[in-house]
Amino acid sequence: MERLLEVKDLEVSFKTYAGEVKAVRGVSFNVDRGETVAVVGESGCGKSVTMQAIMRLIPMPPGVIKNGSIVFDGKDITKLSEKEMEHVRGSEISMVFQDPMTSLNPTMKVGAQIAEGLIKHQKMHPKQAREKAIEMLKLVGIPNAEKRVDQYPHEFSGGMRQRAMIAIALACNPKLLIADEPTTALDVTIQAQILDLMRDLQKKLNTAIIIITHNLGVVANLAERVLVMYAGKIIERGSLDDIFYNPRHPYTWGLLMSVPTPDLDKSKRLASIDGTPPDLFAPPVGCAFAARCEYAMKICYERYPEDFTVSDGHSTACWLLHPMAPKVKPPVGKGV
Ligand code: SF4
Ligand code: MG
């Protein structure tokens, strides 16, 4: 597979009156063309900030990219001019956010919002762009597209607005779609429809997708590969099967145990991971999860664990993988 995106040693901080928040602390990963990669972790783990860095949407100041490179389709994004970046954002990388109401323009017809990028970035004739807008609305499964194209966002239901957002994002045929919690605001049935839609479009258009979510159900539906983030670092990465059937990091175990299952007895509370993530003003020198980890050993507090390879493409930053570490039976997955 051909490499589309290569993020290397990315560090992003925010300068505040109280000090520097180290939001992303050395993140490296790749995405191939047409691939779907999920980034999971609790809020504040740095997943959204990483994606904002890729889009160059981090407000600077207070944000600053302290280190690292982001090579997209052969170009280092950190070195592009704002004008070049605008073109990348308009036609090569698109983003879909959680709440379509905040990203759709309420005063502009939906069709015009789809056409906007086509006219601006692809120099399409307005009439042709309108035709394409109708085609995109059909593609994302909006009925009566010829009529809907002239309606305003408030005339759409929540699920239709999210479909319209996807239509806008995909109209210019981007190479990469970044979806940040794209279904969180929707009810479960609509969520499933939107995920089906994204999967179909991905196959049809061969768009690479990075999906950011804290919901492992979403991951299972869509992703081929998973990156688990904690406190500004990737702490485990692997294929969907690696992460679901052979997870190796205690934080991943915690995430998996908090997945709601369809037959879940509603009287039972969902498991959640006790404790809170560390203060990113002064991240711990050792494993950032140590304070919440029931398996923590002395070394965990003293040294950041190296990335241990589990199998090809599957690795985790946890001292339990060290050959000298005590053997622990994972509470989830099939175990080893
Ligand atoms: Fe727990 Fe240590 Fe592994 Fe961190 S490195 S997750 S503290 S066992
Ligand atoms: Mg977020």
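Compared with the alpha-carbon gap, the fully stretched path from THR16 to ARG33 is longer by 2.4 nm at 0.36 nm per residue. Taken over the Cα atoms of segment 52-136, the convex hull encloses 129 Å³ per residue. Ignoring lysines fewer than eight residues from LYS233 along the same chain, the ones with Cα atoms less than 21 angstrom from its Cα are LYS8, LYS15, LYS22, LYS47, LYS66, LYS298. Placing +1 on the Cβ of each Lys and Arg and -1 on the Cβ of each Asp and Glu in the chain, which of ALA317, MET108, PRO126 has its Cα farthest towards the positive end of the resulting dipole? Final value for the positive-end residue is PRO126. Modelled spin-label separation between ASP196 and HIS87, with each label point placed 7 Å from Cα along the Cα-to-Cβ direction: 4.0 nm.
Subtracting the Cα-Cα distance of ALA282 and ASP241 from their residue separation scaled by 0.36 nm leaves 11.3 nm.
Of all beta bridges that DSSP places with both ends in the chain, some 65 percent have antiparallel geometry.
Under a model in which nothing but the beta-carbon of Lys, Arg (+1) and Asp, Glu (-1) is charged, the chain shows a dipole of about 280 debye around its Cα centre.
Shape call for segment 1-58 from the C-alpha gyration tensor, a ≥ b ≥ c root eigenvalues: rounded (a/c under 1.5), prolate (a/b greater than b/c) or oblate? Prolate. May I ask you to list the lysines whose Cα is less than 23 Å away from that of LYS127, ignoring any residue fewer than eight positions away on the same chain? Filter leaves LYS109, LYS138, LYS147. For segment 1-156, the equivalent ellipsoid built from the Cα gyration tensor has semi-axes of 33, 18, 15 Å, listed from largest to smallest. The loop-placed trypsin sites (Lys or Arg not before Pro) in segment 114-181, going by DSSP, that have at most 10 neighbouring Cβ atoms within 10 Å of their Cβ come out as LYS123.
Here each label is just a point 7 Å from Cα along the line to Cβ, and for THR309 and SER69 those points are 2.3 nm apart. What's the angle, to the nearest 10 degrees (0 to 90), between helix 126-139's Cα axis and the longest principal axis of the chain? Tilt relative to the chain: about 50 degrees. Separation of segment 181-242 from segment 278-336 is 24 Å, based on Cα centroids.
Based on Cβ point charges of +1 for Lys and Arg and -1 for Asp and Glu, what charge dipole magnitude is obtained for segment 174-317 about its Cα centre, in debye rounded to the nearest 20?
Using only the charged Cβ atoms, the result is roughly 100 debye.
Normalised by the number of residues in the chain, the average gap of Cα pairs under 8 Å and 6 or more apart makes the relative contact order 19 percent. Computed over segment 282-332, the P(r) tail beyond 16 angstrom holds 41 percent of alpha carbon pairs.
Stokes-Einstein at 10 °C, 1.306 mPa s, Kirkwood radius from Cα pairs: D for the chain in µm² s⁻¹? Reported coefficient: 75 µm²/s. The length gained by stretching the chain between ASN144 and MET1 to full extension, at 0.36 nm per residue less their Cα-Cα distance, is 47.7 nm.
When Lys and Arg each count +1 and Asp and Glu each count -1, what net charge do the other residues less than 11 Å away from TRP253, Cβ to Cβ, add up to?
Once all neighbours under 11 Å are counted, the net charge is 0.
Qualifying chymotrypsin sites (Phe, Trp or Tyr not before Pro) in segment 1-110, where qualification requires a DSSP coil assignment and no more than 14 other C-beta atoms within 10 Å, comprise TYR17. Dipole check for segment 36-112: with +1 at the C-beta of Lys and Arg, -1 at the C-beta of Asp and Glu, and the Cα centre as origin, the magnitude is about 80 Debye. Centroid-to-centroid, using Cα positions, segment 119-172 and segment 48-98 are 25 Å apart. A straight Cα-to-Cα reach below 19 Å connects LYS175 with the lysines LYS75, LYS83, LYS120, LYS123, LYS132, LYS203, LYS204, residues fewer than 8 places away in its own chain not being considered.
Suppose only helical runs count, i.e. DSSP H with n ≥ 4. What mean residue ellipticity at 222 nm does that imply for the chain under -39500 (n - 2.57) per run, divided by all residues and rounded to the nearest 500 deg cm²/dmol? Please report the intermediate quantities before stating the final value.
Details: 12 runs with 110 residues, N = 336.
Result for the chain, helices only: -9500 deg cm²/dmol.
No value in this document is a laboratory result; all are computed from the given coordinates. Here the structure is a predicted model, which is why all the values come from computation and not from measurement. Cβ sites come from the backbone with ideal geometry, for glycine too, and all protein chains shown count toward neighbours.
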